[in-house]
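The values are calculated or read from the model by the stated rules, or taken from the named source; none is laboratory data. Not measured: the values here are computed from a predicted model. Neighbour counts are summed over all protein chains in view; Cβ atoms, including those assigned to glycine, are modelled from backbone coordinates with ideal geometry.
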Amino acid sequence: MDKKSSAARLTCDHEGATLVLTIGETEIWAGDREEIGREFMFDYLLSALGTYTKGTPVKVLYDPDKTVPEGLVALKGCPVIAVDWPDGSSAPLPRTWWFDLVEWICHLPKKEDGGGQKIGVFCQGGHGRTGTILAILVWLAGIVQEKEDPVEWVRENYCHKAVETADQIEYIEYVIGHEVWAEPSHGTYSAWTGERAYDGFGRAVQPASSVVMGEEDHWWKRGGR
């Protein structure tokens, strides 16, 4: 199957925190740092920023030898899973971590009012790292099947800018063990500076390509858990 290209548009498909999928009884919401930070309805947060820079700092607590619940700390009244994940890059997490995460989500109990738990997923812009997380979750949770593309699903149900770089596409393939046909969205990530570049109207002014990384940065390509 040929790889699919997403149309390059400047606007986002999401405004504010967005309910993207449900795993078991648990709702998975997504957005950028500001969108998720404005809400106080979440029972857990999954942050791809490592350190939460607006408010109380949160240390990066990921430890490959610990289970998901042990990587939680209190912030804004709810626990946070904080992952030290560079912008435009892949996550520093083995694939088994994601299987443990989904299993943990599936076993989250209902709240006292009978409703499901709510998890807020976010990074800086809510596209690259957030989209990567969502694509992995929809596949491992069985929401998409082998003939479907998890990245395209996320773009159709959340935002067309989701999953910005080739490194993130390859990392998704590593975790789910299946080819992804979608191409990087390029989003608003600038591979030249490692930062997001905007004009005076808040629009991205540079297209982005895959981040150039050394072999040592692609540890997951050499195997691992």
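Data for the structure
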read-out: Residue count for segment 107-150, restricted to those that are touching a residue at least 24 places away in the same chain (Cβ under 8 Å) and of a type in the set (D, E, K, R); value: 6
read-out: Residue satisfying condition, being assigned to a strand (DSSP E or B) and at pLDDT 85 or above, within set L101, L46; value: L46
read-out: Answer from E173, E164 - the residue that is surrounded by fewer than 24 Cβ atoms within 10 Å (Cβ to Cβ) and at pLDDT 55 or above; value: E173
read-out: For R129: the one exception among (1) crowded, with 16+ Cβ neighbours inside 10 Å; (2) more than 11 Å from the chain's Cα centre (by Cα); value: (2)
